[in-house]
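Chemist: Let me begin by handing over the structure; questions about it come next.
Here, each number is a calculation from the coordinates, and none is a lab measurement. Keep in mind that what you see is a predicted model, and the values were worked out from it rather than measured. Cβ: placed from backbone, ideal geometry, glycine included. Neighbour counts: every protein chain shown.
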């Protein structure tokens with residue numbers, strides 16, 4: 001049972017982690033028909049994120065760094081929290097308005113990656129992981145704290161990226 005569970009965790013980590021990392025590589029390098037960092041920053045500017053280099057770096061760190069950490073099973077609580085933070089922000093800021101299904105740009109895909117990140121953060125990476133080979137074990141409170149920190153950063157980003165409210169005078173003319 002233990003070997004099959006560790007194998008299942010390895011497969012889940014590889015698929016979800018490398019998928020998440022590929023999205024980060026799109027944003028950083030422009031690989032896989034992605035935007036690359038300069039175009040990502042332009043999009044973040046349109047969404048109201050300032051400074052764009054900081055928010056662009058955070059999403060890349062969450063997706064590319066978190067995805068690779070999950071795939072390797074290295075510092076798993078950090079990788080899982082990074083995946084949760086990146087997917088929560090994408091879900092709320094970009095996909096929520098489009099409903100559930102990914103075919104319409106909805107939350108379906110981001111929700112799955114967020115859920116897998118949460119699962120791996122709670123359960124751990126299994127025996128076939130770098131954490132296990134190095135003998136690294138982490139208290140559950142580390143994952144909880146990192147996840148809360150990632151979600152607080154998301155909340156700050158959402159708060160500062162809101163379009164400025166129009167003055168009452170401008171609203172009347174609009």
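Chemist: Scattering from the C-alpha atoms of the stretch 45-113 alone, worked out with Debye: what is log10 I(q)/I(0) at q = 0.15, 0.21, 0.26 1/Å?
Modeler: -0.52, -0.89, -1.06
Chemist: Using the alpha-carbon atoms, what tilt in degrees (0 to 90, nearest 10) does helix 76-90 show relative to the longest principal axis of the chain?
Modeler: Here the helix axis deviates by roughly 30 degrees.
Chemist: Between 30, 83, 67, which gets the highest mean-square fluctuation from a Gaussian network model of the chain, Cα cutoff 10 Å?
Modeler: 30
Chemist: For every helix of n ≥ 4 consecutive DSSP H residues, a contribution of -39,500 (n - 2.57) applies; sum these over the chain, divide by its total residues, and give [θ] at 222 nm rounded to the nearest 500 deg cm²/dmol.
Modeler: Helix-only estimate at 222 nm: -22000 deg cm²/dmol.
Chemist: Ok, one more. Using a cut-off of under 15 Å, list every residue of the stretch 1-16 whose amide N is near the label point 7 Å from the Cα of residue 127 along the Cα-to-beta-carbon line.
Modeler: From the stretch 1-16, the list is 1-11.
Chemist: Counting alpha carbon pairs within less than 8 Å and at least 6 residues apart, what relative contact order, in whole percent, applies to the stretch 1-132?
Modeler: Reported as a whole number, the value is 28 percent.
Chemist: If I histogram all Cα-Cα distances within the stretch 65-167 using bins 5 Å wide from 0, what percent of pairs lands in each bin?
Modeler: 2, 14, 20, 20, 16, 12, 8, 5, 2, 1, 0, 0
Chemist: Helix 36-47 against the longest principal axis of the chain: what's the angle in degrees, Cα atoms only, rounded to the nearest 10?
Modeler: So the inclination is approximately 50 degrees.
Chemist: Oh, and also: Which one, (i) 1.53; (ii) 0.98; (iii) 1.14, gives Cα Rg over 2.2 N^0.38 Å as derived from the coordinates shown?
Modeler: (iii)
Chemist: For the chain, set up a GNM with springs between Cα atoms under 10 Å and report which of 120, 136, 158 has the largest fluctuation.
Modeler: The residue with the greatest mean-square fluctuation here is 136.
Chemist: Would you please put 70-77, 112-119 in order of how densely packed they are, using the mean number of other Cβ atoms within 10 angstrom per residue and starting with the highest?
Modeler: Answer by packing, highest mean first, reads 70-77, 112-119.
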